[in-house]
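The values are calculated or read from the model by the stated rules, or taken from the named source; none is laboratory data. Bear in mind that the values here come from a model prediction, so they are computed numbers and not experimental data. Neighbour counts run over all protein chains shown; Cβ positions are idealised from the backbone, glycine included. Note: accessible area is taken over every heavy atom of the protein model, side chains too, but ligands, DNA and RNA are not part of it. Shrake-Rupley method; radii C 1.70, N 1.55, O 1.52, S 1.80 Å.
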Amino acid sequence: MRTAAANLKSNMIFLLLCGLVMLLLARGTLYVLPEVLWVLPVVFLLIIAAKSSNLLSFRHNDGYFPPLCAAICAVLSGADLFAELEANETLSIFSASWSLPYLLLRIVPAILLAGLSFFVYRAIFVWVSLQAKKSGSHAFQNTVSEKPGEAVNRRRDFFVFLYCLLSAFLVLTVCTKSSFLYPLNDWVDANCFFTVGKAMAEGEVLYHDIYEQKGILLYGLHALAYRISAESFFGVYLLEVLAGALFLFFAYKTVRLYCQRGILFWLPWLGALIYTSHSFCHGDSAEELCMPILMACIYISERAFRRGKNLSFWDWFLAGVLGGCVLWIKFNLLGFFVGWALVPLYRTLRDKGFLPALRAVAGVLLGVLVPSVPVLVYFIKNDALSDLWTAYFYNNIFLYSAAQDAEQGVFALLQMLYSRVRMFISWAYPFAIPAFIGIVWYSLVSPAKYRFAPALAALLLVPLIFSGSLNLMYYWLAFAPFAVYGLIPLCVLTDRLLKQDFRRITAALTAVSLVCTGLFAWAFSQNTYLMQYEKEDMPQYQFKETILSVEDPSLLNYGFLDGGFYTVCDLVPESKYFCTLNIPLEEMYEAMDAQVALGLPDFVVTRSTPLVSNNYVCVASANMYFEGVNFDYYLYASARVLPQLIESGVLE
């Protein structure tokens, strides 16, 4: 008790600073968070102040992370100012309402909270250091297993992969609409991918004969899925389960670098938290298929870090291959690889010199060529290289960008980033919270030369992902691999608790974990509502009978993204622009309007908006719930196919 009192006395300035910050925050400074929430960190700081002798001390060898942490906290605490401006359009920083006292009440807490965040870090750093000294080892060694498990056990890895495959099967069978439990994956993006993959499988040339804005590797995978199942998403479902299994397997390999036991128990929960989040959306996003690729890169770097070595040439080469795959799936995810490479490349340059660093860059470039050469050969052979550049790179960079936002100035960009981070918290909190906690843990316990690696990879994902004007919930799924850093300390704790190898108990707990995660997915997946529908309840299947009653029919999905009508009817679009995409491309609008004006398609499907045309007659309508809205769907038939519909008995 005396020691605690003495510590509190020595930290009196620190406590007064805390009190001043809380006083200003209680004056209504915060806009988004309730003021009472800030009592919790103050209570925590009081406990730390009672246990530490001097929180105001700072040694130069503590590194540069504390001031960086303080700067980040200052930005976050000042973000409430932007939130209020975003919600109240009448406020302006130049308006009369912005008096000097009001500005002080806004700015001073942000500055003081930045200092407070520094001392929070300082307290944690001191505690971790003291614990390490008591055990006689470095904090990083004290926190993680000293045996990284470098020896390759292929038999063990084979059975672990089967376990990951079973985990992915249990969770994704419930969570993805591509599963056989669902009548159809009605997500418009997934149907776009499937339609383009189908067209490629039937000989159409991507970007030249059929237009979509993602990469060729994504459509190639869907072409393979189409060959497995032409009129359903079963092939896509198998692809998703395989991707999920690979993601969990590389997550396992990463965590096992730090501990030995408890991993298999927690591993299915990692998948359950990710696939039940709102960011998972409907299933079959480009980000979902890139998750195992990003996870494999994290494993490559962590394996080298745990060995205390720099990345080898073959590590860089493999990273280049993986990065090349992402390049041809969705290139705005390449920010991850830029951030991922900074720390190991800097260590190579510092430890070995310029030539080894240049060799590392060469390894990456050679790796990128592995998936890129077949892609370029495909487009050169089909005389579509210019279409590749225009459709995939130019249009995505310049038409899909947020140039209009940039013209509004830095302040508007800060508001936009803040609002998107807020959405990230609400859409992806099941894996965002473990990712954040894990990255903070990593920065505290890892050697200084590696501590920024995951944070840089995560931060540099943001600029490219949000360079566009859209902020869709599935964008954030690209950050899911960082949740593995939250799994590591949990498994380390389990490893310490299980000091003896209780194999039977471990096996029983692992089986219970599998069952529980399956039930968890069933309870919390946002997609299970669609299981209540039969195929005949959905507009796609209701319209199918009418469309296929015409010999060799043609179809146009007009005015909205692909609704799945091409999929259930197993039709290849006859037009390059087969649906309306989320890109302001005038050529697309003009081409689709011209098709309707000339009456070229036999059938036209619209959503919400009836078609006004003398060439078509509405022959069917239906209603369906999708993403929180009940949409009306209309099927229009060309006048020339009406006799066939009447003859077949579809129309009277």
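Some values worked out for this structure:
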{"item": "Residues located in region 350-392, provided they are hydrophobic (A, V, I, L, M, F, W, C), under 24 Å from I583 (Cα atoms), touching a residue at least 40 places away in the same chain (Cβ under 8 Å) and out of contact with any helix residue (DSSP H, G or I) (no Cβ under 6 Å at 6 or more places or on another chain)", "result": "A384, A391"}
{"item": "Flag if V196 is over 27 Å from I263 (Cα atoms), in contact with a strand residue (DSSP E or B) (Cβ under 6 Å, 6 or more places away or on another chain), modelled with pLDDT of 95 or more and of a type in the set (A, V, I, L, M, F, W, C)", "result": "yes"}
{"item": "Residues satisfying the stated conditions in region 613-652, i.e. within 34 Å of the chain's Cα centre (by Cα) and open to solvent by 70 Å² or more (accessible area, probe 1.4 Å)", "result": "N623, Y625, E627, N630"}
{"item": "Contacts under 9 angstrom Cβ, first residue in region 484-513 being under 19 Å from I433 (Cβ atoms), partner hydroxyl-bearing (S, T, Y) and at pLDDT below 75, 6 or more apart", "result": "P489/T143; V492/T143; V492/S145"}
{"item": "Unique residue being open to solvent by 40 Å² or more (accessible area, probe 1.4 Å), farther than 19 Å from W389 by Cβ and part of a helix (DSSP H, G or I) when the list is L239, L224, L217", "result": "L224"}
{"item": "Qualifying position, being over 26 Å from L257 (Cα atoms), in a helix (DSSP H, G or I) and open to solvent by less than 10 Å² (accessible area, probe 1.4 Å), among Y378, Y392", "result": "Y392"}
{"item": "Residue tally, condition part of a loop (DSSP other than H, G, I, E, B), open to solvent by 30 Å² or more (accessible area, probe 1.4 Å) and either under 15 Å from Y207 (Cβ atoms) or touching a residue at least 60 places away in the same chain (Cβ under 8 Å) (or both), over region 567-588", "result": "5"}
{"item": "Count of region 191-201 residues which are within 17 Å of A384 (Cα to Cα) and in contact (Cβ under 8 Å) with a residue 60 or more places away in the chain", "result": "1"}
{"item": "Failed criterion for R422 (all others in (1) modelled with pLDDT under 85; (2) open to solvent by 50 Å² or more (accessible area, probe 1.4 Å); (3) over 16 Å from the mean Cα position of the chain (by Cα); (4) of a type outside the set (G, A, S) hold)", "result": "(3)"}
{"item": "Contacts under 8 angstrom Cβ, first residue in region 525-550 being loosely packed, with under 15 Cβ neighbours inside 10 Å, partner polar (S, T, N, Q), 6 or more apart", "result": "Q526/T276; E536/Q542"}
{"item": "Lone qualifier among L334, L318, L294, L311 - being buried (at least 20 other Cβ atoms within 10 Å of the Cβ), touching a residue at least 24 places away in the same chain (Cβ under 8 Å) and assigned to a helix (DSSP H, G or I)", "result": "L294"}
{"item": "Pick from region 425-454, criterion of a type in the set (S, T, Y) and at pLDDT below 85, ranking: nearest to P481 (Cα to Cα)", "result": "Y429"}
{"item": "Test: residue in region 306-314 that is within 26 Å of I433 (Cβ to Cβ) and of a type in the set (K, R)", "result": "yes"}
